[in-house]
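The values are calculated or read from the model by the stated rules, or taken from the named source; none is laboratory data. All values derive from a computational prediction rather than experimental measurement. Glycine gets a Cβ as well: all are built from the backbone with ideal geometry, and neighbour counts include every protein chain shown. Accessible surface areas use protein heavy atoms only, side chains included; no ligands, DNA or RNA. Shrake-Rupley method; radii C 1.70, N 1.55, O 1.52, S 1.80 Å.
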Amino acid sequence: MDMLKLRQRIGCAIVEFLLLSLVLICPVAVPAAERTDEDEKPKASSTTSQTVRPSSSAYQVPQVAVVDIARLEKEHNRLRAAIEDLKKEREANLAELQRDAGKIDRLQKQLEEFEEDSEEHRELTEKLGVAQAVLAAKRLNFTEEDQRQEAKIYFQFHGEVTAEIRNFAQRYGIHLVIPYDSSDVGPEDSKEEILHRMKTVPLYQSKIDITDYLLHRMNPPYPNRVRAFPTPR
């Protein structure tokens, strides 16, 4: 009988020890209604400090960039070469028109040497009219062709610039690219031109100007890495 009581006491002592161990090891659960702000804050590690990163779904601030159209037009090598070729063609056409105009002037002087009722005067008058008509048609044709070629050059320039801007914006996560004109405004400009510049030239920081990048891309050879720009995403 004494042995049975001894075994019961030993068993109770073991159970009490196990219960006490569980209480010491396991943290006490705090009801949600009784939790404080301190309980909700993440506990910093005693060994290493880790920065809490925002989730990938967090809102990102839109990025903005500006492009100097005046600089692109002045420093785009192939555009300037095409404009120079067009300028040479204009000069050649102008020289041809001047030669034709000189011939007409000589015909008019010859016409003055003949009497109005003479056969020579009638033939020369007809010849002069044809020359004047040809000159007018040629001048119109040169003007239209010049405008067409210039429009084609700038259309290609516009397409290349917009493509480079789109690629850059997608590469660096830019949501808006604003064009502006940095050419100088002088006191000789009209009020309308000055006010127009004030409305169209944005206030900007130089760090968001991507003109240098575009010029590097459009004027070969291309560099491996453009300075002052972040690593693409």
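For every other residue with a beta carbon closer than 14 angstrom to the beta carbon of ASP85, add +1 if it is Lys or Arg and -1 if Asp or Glu, then tell me the sum. Walk me through the intermediate numbers first.
Numbers: positive: ARG78, ARG80, LYS87, LYS88, ARG90, LYS152; negative: GLU84, GLU89, GLU91, GLU145, ASP146, GLU150.
Residues near ASP85 contribute 0 overall.
Go ahead and run the numbers for FRET between ASP146 and ALA70, Cβ-Cβ distance against an R0 of 25 Å, rounding to 0.05.
Using R0 = 25 Å, I get an efficiency of 0.65.
For GLU119, the solvent-accessible surface computed with a 1.4 Å probe is close to 90 Å², ligands and nucleic acids excluded. Sparse packing (at most 13 other Cβ atoms within 10 Å of the Cβ) combined with a DSSP loop state is found for the following GluC sites (Glu not before Pro) in region 131-219: GLU188.
Return the FRET efficiency for the residue pair LEU86, GLU120: r is the Cβ-Cβ distance, R0 is 45 Å, and the value is rounded to the nearest 0.05. Between LEU86 and GLU120 the formula returns 0.55.
Evaluate E = 1/(1 + (r/R0)^6) for GLN156 and LEU135, where r is the Cβ-Cβ distance and R0 equals 30 Å; express this FRET efficiency to the nearest 0.05. Don't skip to the answer; put the middle values down first.
Numbers: r = 32 Å, r/R0 = 1.07.
Efficiency, from the Cβ-Cβ distance: 0.40.
Computed with a 1.4 Å probe over protein heavy atoms only, the accessible area of HIS196 comes to about 110 Å². Here the alpha carbons of region 106-192 define both size measures, Rg and Dmax, at 27.1, 82 Å.
Taking region 121-214 as the region of interest, the number of lysine pairs whose Cα atoms are within less than 30 Å, with members eight or more places apart or on different chains, is 5.
Please arrange VAL130, VAL177 by accessible surface area, largest first, computed with a 1.4 Å probe and ligands excluded.
Descending accessible area places them as VAL130, VAL177.
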